[in-house]
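Below is one structure, written out as structure tokens; the observations come after it.
The values are calculated or read from the model by the stated rules, or taken from the named source; none is laboratory data. Computed from a predicted model, the values in this text were never measured in an experiment. Cβ placement follows ideal geometry from the backbone for every residue including glycine, while neighbour counts extend to all protein chains displayed. SASA here: full protein model, heavy atoms, side chains in, ligands and nucleic acids out. Shrake-Rupley method; radii C 1.70, N 1.55, O 1.52, S 1.80 Å.
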Amino acid sequence: MKHLFDTLAEVVAQENIGHCFSLLGDANMNFATRLGEAGCQMIYVRHEHCAVAAAMAYARKTGDIGLATVTCGPGLTQLMTALPAAVRARLPLVVIAGEAPLKAAWYNQAIDQAPFVTATGAAYQAVHWPGRMDAAVRDAFLQARRERRPVVVGIPFDLQELPAPEASLPLPSRALMPQVSPMPPHPDDVERAVARIDAARKIVVMAGLGAVEAGAGPACRALAERLDAPLATTLPARGLFHDDPFCIGILGGFATEVAWEICADADLIIAVGGSLSKHNADGGNMWPQADVLQIDIDPVTTSQGRVAAQAHLRADARLGVEALVARVKKRAVTWRSPGLAEAIATRPADSHVFERDDGLLDPRDVVAALDAAIPQGWQLVNSSGHCSYYFAQMPKRRQEEFLTIREFGAIGNGISFAMGVAVARPEVPVVMFDGDGSLLMHVQELETIRRHGLNILIVALNDGAYGSEIHKLRAEGLSDAGAVFGDTDLAAIARGFGIGGERVTDLARLPELVEAFARSGGAAVWDMPISDRIASPVMRRAHPQK
């Protein structure tokens, strides 16, 4: 007999997502089993949060929907960190979650699931009518595509077990998406933008993920050259101009010393396809004298509690920039000088001098050595936390080889993001950069990585603590005891899970270790003991010593 869970699996399989990240329970295990039998590759994780976090990275890397399935009740409540992160990163996800059985007078895992989900900003679709179950699940995929946010589908598992009626499957969501062309700018808006540009002395052209998605990189380069303007990016778009000698890198908290100096002199930032987040402008400190001209299909004046833009050009990022290239006057070269190119190429991101403990590494040296040793073309995943500043400082890496998702500020996601990228890009190794505190939050996924044969190298900066917290507490003159945990042997833990583990105290070994990993493949953790006395510029600015 065919059940409704069979039909649900067929509906999801025809969406052709390719992979689903799953943890089984009563409310989803029949559906998930049938989905795997229908041809969807199932990645069975060890924690529900990790299923959704991995789906987030998969969505970002493939440009498609990320798919996950978890059971009801406690399976769903485990998602309360991943869902808001996906919402804020505007990642389309579908989570098939199940619900408690409707026929039961009492069920110990029953909970009103919708308020939990909607509180995160995600959508919740309770599917309680068997006759429309197939179309309702399809509609969840359509909603995720159109709104670019997670949609959680709750289906009571007793309904899933009902006999399935004989009926043809609904059209997949792709067939119902509007087919539209990129939005061109209005000529009047272009003229106003050109006038604003003509009045500016020193301009920086900054690209965000919208510029990446629109293919606006070449147009941004052309505009910057005409305006004698340095190029820059937001953090998620890092690497879009990796080979341009006049790219000053990331703007915001992770900016280099050169970028801070340049932006201090700028009087106009042309922000192309970016959300203008508070971190991107370092709360307004990044460009204290500059106005912002935003080019976006959904421009804003205020963002995250501050006035973020003074002028706007509503348009697709590429078409908007190309319209400006055609209208602005070519300027004489003064700012884009050989001296600026040399400073960008040779000056360190952070030149501050620290004392450090003997035998412990400087995280800045670790990143420089890794950047020199890791082959171009490998996928790089940057987690969150204090260590993420350092791992962002690899300016010659291409944007499509880099992933960071930090919009909710949560640590503990790096290992899941690495799994999502490894599934989306199985042809190359994935290197995930993390801190010890973040890695240990979901270290159980090392077993998932081994079981599924994922090609992931994890590099952990190990300061034996929660790095951000110890630096904040010390700046306040308070005890850091609650955030210090001691020297965990991460390499031994990795070997216990059946993968490689190395404790690296000599950076001269890195080329040999990278070459060996490239030959062997598989998975490994490299434990890099670092000094906890070294604070990133982000931390020093936000929490100066009192």
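Screening Gly385 against (1) at negative phi; (2) modelled with pLDDT under 95 leaves a single unmet condition, (1).
Counted as qualifying within region 1-109 are the strands (runs of 3 or more DSSP E) with 2 or more residues that are open to solvent by 10 Å² or more (accessible area, probe 1.4 Å) and under 27 Å from Ala175 (Cβ atoms), namely 41-44.
For the residues Arg503, Arg533, the requirement of being modelled with pLDDT under 95, surrounded by fewer than 20 Cβ atoms within 10 Å (Cβ to Cβ), basic (Lys, Arg) and over 23 Å from the mean Cα position of the chain (by Cα) singles out Arg533. Applying the condition of being among the hydrophobic types (A, V, I, L, M, F, W, C) and closer than 15 Å to Thr234 by Cβ to region 279-292 and asking which residue is surrounded by the most Cβ atoms within 10 Å (Cβ to Cβ) yields Ala281.
Count of region 426-444 residues, restricted to those that are more than 19 Å from Val514 (Cα to Cα) and either free of Cβ contacts under 8 Å to residues at least 12 places away in the same chain or surrounded by fewer than 24 Cβ atoms within 10 Å (Cβ to Cβ) (or both), is 5.
Within region 129-162, can you find the residues that are in a loop (DSSP other than H, G, I, E, B), touching a helix residue (DSSP H, G or I) at 6+ places or on another chain (Cβ under 8 Å) and either farther than 20 Å from Ala32 by Cβ or open to solvent by less than 30 Å² (accessible area, probe 1.4 Å) (or both)? Within region 129-162, Trp129, Arg149, Ile155 meet the criteria. Every residue in region 284-318 that is out of contact with any Gly (no Cβ under 9 Å at 6 or more places or on another chain) and not in a loop (DSSP other than H, G, I, E, B), please. Result: Gly284, Asp291, Val292, Leu293, Thr302, Ser303, Ala311, His312. Can you confirm whether Ala523 is farther than 18 Å from Ala368 by Cα and in contact with a strand residue (DSSP E or B) (Cβ under 6 Å, 6 or more places away or on another chain)? The answer is yes for Ala523. For region 373-401, the set of residues classified as in contact with a Phe, Trp or Tyr (Cβ under 6 Å, 6 or more places away or on another chain) and either farther than 17 Å from Tyr58 by Cα or part of a helix (DSSP H, G or I) (or both) consists of Tyr389, Phe391, Ala392, listed by residue number.
Within the option set Phe408, Phe417, being aromatic (Phe, Trp, Tyr), outside any loop (DSSP other than H, G, I, E, B) and under 13 Å from the mean Cα position of the chain (by Cα) holds for one residue only, Phe417. Determine whether Glu147 is charged (D, E, K, R) and touching a strand residue (DSSP E or B) at 6+ places or on another chain (Cβ under 9 Å). Yes: the conditions hold for Glu147. Scanning region 465-480 for residues that are under 13 Å from Asp434 (Cα atoms), touching a Pro at 6+ places or on another chain (Cβ under 7 Å) and open to solvent by less than 70 Å² (accessible area, probe 1.4 Å) turns up nothing.
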